[in-house]
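**Student:** Below are the structure tokens for one structure; questions will follow.
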Amino acid sequence: MIAKLFTVTLELLVTPLLVLSAIVLLGVYTVSQPTVFAFIYEQISVHEGGAQRDGVLIAKAMRGSESFELVNKRLEAGRMGPREIYHFDDVRNKLRASSLLMLGFFLCVLISSMAARIRWTRVIVSSITWYLTLAVASVVWVSISFRSFFRTLHWWIFQDNTWMLPKGCYSLQLYPYLVWQVLGAVVLSGTLLILIALLIYNSILRRRLKSRSREELESY
């Protein structure tokens, strides 16, 4: 009874949330890559010329090691203040931590799959169910107040108010809400596509295994 409850908990709650979290962080890792971010940022066309190049330059520095004080000196159309520089340093550290966390989640998924004989179809379907539940709740929240959603998400990630930048500062001009809305949409849509692809792959794999088992039985 306890073993069955343990397996069901892994299949419906623990492993699905680990899978979902790992894929979301994979999406964050992907869109934060300089080439990917630059492509999306340029397609949005928030700015042109020097301001657009500044937005891409700061984003590239997120995955590099150059200090933001030096990055600030290379900006063409504006300058960041001390609070903005501190914030971007913090963001860079959070991105590095999220990459390690992503690997940790994938490792936990592997461990949970070894801890019990879980059914992956149930795990993936549960992951999609959790995704849709959280997505619907988030969409409702965003439709009511994106600003509230954005602020709460930042409080949860940074645990302080260092992300609250001065009104009208250069960073807020370079990265308005539209940028984060598009990036969020890319991560969420990519997450759903990956989950659906996993479900299709798992279904095809199961059919092949069943077909092979039948063929082996018929050969005896």
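The values are calculated or read from the model by the stated rules, or taken from the named source; none is laboratory data. The shown structure was predicted, so the numbers you read here are calculated from the model rather than taken from an experiment. A quick note on method: Cβ atoms are made from the backbone with ideal geometry, for glycine too, and the neighbour counts reach across all protein chains shown.
**Student:** Confirm whether Val139 is closer than 20 Å to Leu193 by Cβ, more than 19 Å from the chain's Cα centre (by Cα) and in a helix (DSSP H, G or I).
**Tutor:** Working: closer than 20 Å to Leu193 by Cβ: yes; more than 19 Å from the chain's Cα centre (by Cα): no; in a helix (DSSP H, G or I): yes.
No; evaluated as a whole, the condition is false for this residue.
**Student:** Test Tyr175 against the criterion of being touching a residue at least 12 places away in the same chain (Cβ under 8 Å), within 30 Å of Ile85 (Cβ to Cβ) and surrounded by 15 or more Cβ atoms within 10 Å (Cβ to Cβ), and give yes or no.
**Tutor:** Details: touching a residue at least 12 places away in the same chain (Cβ under 8 Å): yes; within 30 Å of Ile85 (Cβ to Cβ): yes; surrounded by 15 or more Cβ atoms within 10 Å (Cβ to Cβ): yes.
Yes; evaluated as a whole, the condition is true for this residue.
**Student:** What's the total number of residues in the stretch 144-172 that are within 26 Å of Arg53 (Cα to Cα) and more than 17 Å from the chain's Cα centre (by Cα)?
**Tutor:** Step one: of the stretch 144-172, the residues within 26 Å of Arg53 (Cα to Cα) are 150, 154, 162-172.
Adding the requirement that they be more than 17 Å from the chain's Cα centre (by Cα) leaves 162-172.
The total comes to 11.
**Student:** Can I ask one more? For Glu69, all conditions in the list (1) part of a helix (DSSP H, G or I); (2) surrounded by 16 or more Cβ atoms within 10 Å (Cβ to Cβ) hold save one; what is the number of the exception?
**Tutor:** (2)
**Student:** Give me the residue from the stretch 102-118 that is surrounded by 15 or more Cβ atoms within 10 Å (Cβ to Cβ) and of a type outside the set (Gly, Ala, Ser) and, out of that set, nearest to Ile58 (Cα to Cα).
**Tutor:** Only one residue tops the list, namely Met102.
**Student:** For the stretch 185-206, how many residues are among the β-branched types (Val, Ile, Thr) and either over 13 Å from the mean Cα position of the chain (by Cα) or on the phi > 0 side of the Ramachandran plot (or both)? If you could, list the steps in order and put the result at the bottom.
**Tutor:** Filtering the stretch 185-206 for residues among the β-branched types (Val, Ile, Thr) gives 186-187, 191, 194, 196, 200, 204.
Imposing the further condition that a residue be either over 13 Å from the mean Cα position of the chain (by Cα) or on the phi > 0 side of the Ramachandran plot (or both) reduces the set to 196, 200, 204.
The qualifying residues number 3.
**Student:** One residue is enough: does the stretch 74-89 have a residue meeting the conditions free of Cβ contacts under 8 Å to residues at least 12 places away in the same chain, touching a helix residue (DSSP H, G or I) at 6+ places or on another chain (Cβ under 8 Å), under 22 Å from Leu178 (Cα atoms) and buried (at least 17 other Cβ atoms within 10 Å of the Cβ)?
**Tutor:** So far as the stretch 74-89 goes, no, none of its residues is free of Cβ contacts under 8 Å to residues at least 12 places away in the same chain, touching a helix residue (DSSP H, G or I) at 6+ places or on another chain (Cβ under 8 Å), under 22 Å from Leu178 (Cα atoms) and buried (at least 17 other Cβ atoms within 10 Å of the Cβ).
**Student:** Shifting gears a bit: Quick check, is Arg147 surrounded by fewer than 11 Cβ atoms within 10 Å (Cβ to Cβ), closer than 20 Å to Trp180 by Cα and among the charged types (D, E, K, R)?
**Tutor:** On the way: surrounded by fewer than 11 Cβ atoms within 10 Å (Cβ to Cβ): yes; closer than 20 Å to Trp180 by Cα: yes; among the charged types (D, E, K, R): yes.
Yes.
**Student:** From Ser21, Ser65, Ser113, grab the single residue that is modelled with pLDDT of 95 or more and on the phi < 0 side of the Ramachandran plot.
**Tutor:** Being modelled with pLDDT of 95 or more and on the phi < 0 side of the Ramachandran plot holds for just one of Ser21, Ser65, Ser113, which is Ser21.
**Student:** Now, a different point. Tally up the residues in the stretch 1-42 that are more than 20 Å from the chain's Cα centre (by Cα) and surrounded by fewer than 20 Cβ atoms within 10 Å (Cβ to Cβ), please.
**Tutor:** To start, the set of residues in the stretch 1-42 that are more than 20 Å from the chain's Cα centre (by Cα) comprises 1-12, 42.
Of the ones still in play, those that are also surrounded by fewer than 20 Cβ atoms within 10 Å (Cβ to Cβ) are 1-9, 12, 42.
Residues that pass the stated criteria total 11.
**Student:** On to the next question. Looking at Phe105 and the list (1) within 17 Å of the chain's Cα centre (by Cα); (2) farther than 21 Å from Tyr201 by Cβ, which single condition is not satisfied?
**Tutor:** (2)
**Student:** Does at least one position in the stretch 108-128 carry a residue that is in contact (Cβ under 8 Å) with a residue 12 or more places away in the chain, closer than 29 Å to Asp160 by Cβ, assigned to a helix (DSSP H, G or I) and not acidic (Asp, Glu)?
**Tutor:** Start the filter on the stretch 108-128 by keeping residues that are in contact (Cβ under 8 Å) with a residue 12 or more places away in the chain, which leaves 108-109, 112-113, 115-128.
Applying the additional criterion that residues be closer than 29 Å to Asp160 by Cβ yields 108.
Cutting the leftovers down to assigned to a helix (DSSP H, G or I) gives us 108.
After this cut, where a residue has to be not acidic (Asp, Glu) as well, the list is 108.
Yes; the residues of the stretch 108-128 include at least one that is in contact (Cβ under 8 Å) with a residue 12 or more places away in the chain, closer than 29 Å to Asp160 by Cβ, assigned to a helix (DSSP H, G or I) and not acidic (Asp, Glu).
**Student:** Now for a separate question. For the stretch 1-53, which residues satisfy the criterion of being small (Gly, Ala, Ser), closer than 30 Å to Ser112 by Cα and assigned to a helix (DSSP H, G or I)?
**Tutor:** Of everything in the stretch 1-53, those that are small (Gly, Ala, Ser), closer than 30 Å to Ser112 by Cα and assigned to a helix (DSSP H, G or I) turn out to be Ala3, Ser21, Ala22, Gly27.
**Student:** What pairs come up if the first residue lies in the stretch 24-53 and is closer than 29 Å to Leu100 by Cβ, the second is part of a loop (DSSP other than H, G, I, E, B), and their beta carbons are under 7 Å apart, counting only those six or more places apart or on different chains?
**Tutor:** Matching pairs, first to second residue: Ser32/Arg63; Gln33/Arg63; Pro34/Arg63.
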